[in-house]
1. Take the stretch 187-228, compute every pairwise Cα distance, and split them into 5 Å bins from 0; I just need the percent in each bin.
2. Using the C-alpha atoms of the stretch 93-183, what convex hull volume per residue, in cubic angstrom, is computed?
3. State, to one decimal in nm, how far the label point of ALA218 lies from the label point of LEU156, with both points 7 Å from Cα in the Cβ direction.
4. Report the extension gain between ARG306 and PHE165 in nm, rounded to one decimal, defined as 0.36 nm multiplied by the number of residues separating them, less their alpha carbon distance.
5. In what sequence, highest mean first, do 299-306, 230-237 appear when ranked by Cβ atoms within 10 angstrom?
6. Using the scaling law 2.2 N^0.38 Å as the reference, what is the normalised Cα Rg of the stretch 143-220?
7. Can you give me the long-range amide H partners of ASP333? Hydrogens built in the peptide plane at 1.01 Å from N, cutoff under 5 Å, separation of 5 or more residues or another chain.
8. If amide hydrogens are placed 1.01 Å from N in the peptide plane, which non-local residues have theirs closer than 5 Å to the one on LEU348?
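Each value in this text was obtained by applying a stated rule to the coordinates, not by laboratory testing. Since we're looking at a predicted model, the values are computed, not measured. Here the Cβ is made from the backbone with ideal geometry for all residues, glycine too, and neighbour counts use every protein chain on show.
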Amino acid sequence: MYGACLPFALCAAMGCAPSPFPDTMTERYESDEPMRDTPMADGGTLDDFGDPTPRPDTDPEEDCAAEDYAAEEASRPADIIFAVDASGSMRGEARAVQDQLNRFATEVLATEVDPHVIMITSPSYVTVPPPLGTDAEHFLMVPEHVGSHSALARILELFPRYSSFLRPNAVTHIVIVTDDESNMRGADFSTQMQMKLGKEFVLHAIASPRPRCSGAAAPGDIYYQLAAETGGVTHPICTGEWTSVFDALAVAVRERASLPCSLSIPETPEGSTWDPMRVNVDYREGGVGEPETLPFVAGEASCDRRGGWYYDHPTEMTAILLCPITCARLTEDTMGTLQVRVGCATELI
């Protein structure tokens, strides 16, 4: 029904150049020594800021391949934590959540958002069927009981069980499904959860509004308040139309999704080679207009003033990483696009 999307495609036949970084570059990133005129393998140097400069005889026009290799747009990461009340009055609602999750995941993936779905509840209440339920890349089950009043507390208590499934550059969504009220103050939960995540989150409340809807044990005032404070979706737990609930959640996830600050480098296809200095990263603000080519820098130490992108390792590259300044700028643009082109000489600072 769905599958993972590679962040970019590599050229099938391209000349491979030696790594432009000296073997000692990792140490130099972490030292205070000046980086002026540091030699590179291609004959160029590193300038005072530690950024590579091309060899003197390089002509950018002649260096460019006949064709650029356009990448697929990078998927935007979104981490979605469900906490479903597993008290006796919630069996029907829990089953409705179970029945909707595959369609929800498919809708989210179709919008170029890469979801990690975490389900915290008793497996006797929610057992997610395939394809999502067996997709270890996109789904994690935390089979623990969630009581009538304990959804917020359980999310905090069980954090070590799912924290490794969260991604630092993903928007974190929390979905509470309950017919009762929390025994934990919303302000206390916000403070502790933000400390654990190291960032803000969005909370969505599928609970009873005030006045209490028919069949609910109590209004979920604390959940509704948290949803209002974080910009989340609210929906009455007494609804009989769960499709509209999950449609609203899918829209909220898509609209809040941010561009990734790292892109994995896939394995080079058989019979092809890869040149790390023939890679460019393009950003299109708002998803429209002419793309801006983000400059390459030697490493994170060169990011401070100008931003750009760099490889995770000077010789054994496995990922493209955005400088913190560039990452902060792009994550605010929920409509922007990010692409990687392979084939032309890398654009430097």
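1. 5, 24, 24, 18, 14, 8, 5, 1
2. 104 Å³
3. 1.7 nm
4. Extra length available between ARG306 and PHE165 comes to 47.6 nm.
5. Ranked from most to least packed, the peptides come out as 230-237, 299-306.
6. Here the answer is 1.16, to two decimals.
7. When sequence neighbours closer than 5 places are left aside, the close amide H contacts are LEU259.
8. PHE296
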